[in-house]
Amino acid sequence: MDILLLKNIKSLGEVGAKVSVKAGYARNYLIPNKHAVLPTKANLAVVEEKKQELIKQEEELKSLALTQQEKYKDYSLAFEVNVQEGADNLFGSITLQNIVDRLVEDGYDVVKKQVSLPSGAIKTFAEDYIATVSLYADISVTIPIKLTRNNVAAPEPILDEDTIVEPATDELKPE
């Protein structure tokens with residue numbers, strides 16, 4: 001199915017390009033999300049008229065993404081985690097939502113679909129995790145994630161003298 005692109009799409013082409021895609025991709029995603037239109041004579045004329053305006057909008061979005069990319073320079077995330085003794089397994093995990101929440105707390109304007117964890121949820125203690133934030137079609141930022149061990153020891157159970165239980169014996173005592 002042939003379509004006309006209204007936006008730059010990384011894997012397809014530039015604004016105003018006539019490309020061929022599978023019918024389901026066009027009907028179910030590109031056309032409803034206003035990324036493309038069918039190449040009728042009327043749409044060809046409209047796209048040619050608006051092509052410069054559409055290109056200008058795309059350039060503004062790209063320049064905005066480039067300025068956002070500068071904000072992420074030298075930025076890293078740090079999480080203090082509880083780690084199982086004798087192993088490197090975390091109690092719980094650090095998920096994509098935890099990363100997004102921390103970015104929003106730190107003043108970055110991101111949504112969950114922009115962020116990815118290539119290694120999946122973080123469940124083991126290591127030093128080399130990364131998160132990727134997609135700012136624009138071909139502009140993304142890699143953020144290092146540092147984990148530190150939480151040195152809080154598990155609380156000892158408090159036993160009163162009344163609650164001490166003597167070990168049971170297998171012998172029966174005569175009464």
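Read the figures in this text as sums done on the coordinates, not as results from a lab. Remember, predicted model here, so these are calculated numbers, not experimental data. A quick note on method: Cβ atoms are made from the backbone with ideal geometry, for glycine too, and the neighbour counts reach across all protein chains shown.
Key figures
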quantity: Neighbourhood net charge (14 Å Cβ-Cβ; Lys/Arg +1, Asp/Glu -1) for LYS62; calculated: -3
quantity: Size of the range 2-64 as Cα extents on the principal axes (Å, biggest first); calculated: 32, 24, 17
quantity: At R0 = 35 Å, FRET efficiency that the Cβ-Cβ distance of TYR72 and GLN52 yields, to 0.05; calculated: 0.70
quantity: Stretchable slack from ASP106 to PHE79, in nm (0.36 nm times residue separation minus alpha-carbon distance); calculated: 8.4 nm
quantity: Of HIS35, ILE9, GLY24, farthest towards positive along the dipole that unit charges on Lys, Arg, Asp, Glu beta carbons give the range 2-64; calculated: GLY24
quantity: Other-chain or far-sequence residues with amide H under 5 Å of TYR129's (modelled H); calculated: ILE145
quantity: DSSP-assigned coil residues among GluC sites (Glu not before Pro) in the range 58-155, each with at most 13 further Cβ atoms within 10 Å; calculated: GLU85, GLU127
quantity: Rounded tilt (10° steps) of 41-71 against the dominant C-alpha axis of the chain; calculated: 40 degrees
quantity: Cα-based helix-to-principal-axis angle, 96-105 vs the chain, degrees rounded to 10; calculated: 80 degrees
quantity: The range 77-149: mean projected area of Cα convex hull, nm²; calculated: 4.8 nm²
quantity: Reachable lysines from LYS22, criterion Cα separation under 22 angstrom, eight or more residues apart if same chain; calculated: LYS7, LYS10, LYS34, LYS41
quantity: Interchain or long-range residues, amide H under 5 Å from THR124's placed H; calculated: LEU90
quantity: Isotropic mean projected area of the C-alpha convex hull, the chain (nm²); calculated: 19.5 nm²
quantity: Proximal charge balance of PRO39 [Cβ under 11 Å; K/R count +1, D/E count -1]; calculated: +1
quantity: Percent RCO, i.e. relative contact order, over the chain, from Cα pairs under 8 Å lying at least 6 residues apart; calculated: 18 percent
quantity: Size of charge dipole - the range 77-149 - debye, nearest 20, with Cβ of Lys, Arg +1 and Asp, Glu -1, no other charges; calculated: 180 debye
